[in-house]
Every structure is written in structure tokens, then in C-alpha cells.
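The values are calculated or read from the model by the stated rules, or taken from the named source; none is laboratory data. Treat the numbers as computed from the prediction; the structure is a model and nothing was measured. Here Cβ is always computed from backbone atoms with ideal geometry, including for glycine, and neighbour counts include all displayed protein chains.
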Amino acid sequence: MLNQPDIAWLQWLTASFALLAGLFPAIYEALKLDTHIDEIARQAGLFKNLQDRFRQAALIDSNNSFEDFNSTFKSIMEQMELAREHSITPPERCFIAAKEKIESGHYSFQID
């Protein structure tokens, strides 16, 4: 049988977990993590589509007349401006991690 000093740490552990169980939902709701994750995923897809549209404009529409190309380019830029209105700025640690990956040669920008 456990004596009183042996049970004390279990009581503290239980109380700590109860406190955390009460705080996590409040923190999650306050940070709106589910909204940010959905928004980031949507924005990533939107920016990737715009990247493809710019590539197509450069490779295909640039062979058309200047007026046609300029019209296409302006249309894509308007969409880019709309996409940038809702951009979420990632934390500084994300920029540092990305910089380290780029400097290590993880990415090569031969296509875009």
C-alpha cells in the first residue's frame, strides 16, 4: 500500500494534467489554429495557381501582341493583389528555418 508521501506526487501530476486539459481548448480557440491552417492551405493553392498562370503568360502569351500580353499580365497581377490581401505572416522561426534550408542547397530555382 502507498503511504501519503508516495501519493503526493500523483496528486500534483493529476492536478497539472487537469489544468492543462482546461487551458488547451481555450488557447486553441484564442489562437484560431484551425482557421489559420485552413487559410494557409487555401492560400498555398492560390499562390501555386498564380505561379502557373505567370509561367504560362511568360511562355505562351508573351508571343502574342504587346496589348494582349499586357492585358493578360494585368489580369494575373490583379488576382495576385487580391491573394496578398489575405496573406498570413508566418512567425520569425519559419523564416529562419527556410533561410537555413535554402542556404544548405535544399532548393534550386532553375525553373521559376
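Tabulated values for the structure
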item: The lone exception for ILE27 - which of (1) at pLDDT below 85; (2) in the same structural domain as THR89 (by TED's automatic domain parsing); (3) of a type in the set (Val, Ile, Thr) it fails; result: (2)
item: One residue from LYS32, LYS74 being at pLDDT 95 or above and not hydrophobic (A, V, I, L, M, F, W, C); result: LYS74
item: Matching residues, the stretch 76-90, being under 30 Å from LEU31 (Cα atoms) and either touching a Cys at 6+ places or on another chain (Cβ under 6 Å) or among the charged types (D, E, K, R) (or both); result: GLU81, ARG84, GLU85
item: Only one of PHE66, PHE95, PHE73, PHE54 that is free of Cβ contacts under 8 Å to residues at least 12 places away in the same chain, aromatic (Phe, Trp, Tyr) and more than 30 Å from LEU31 (Cβ to Cβ); result: PHE66
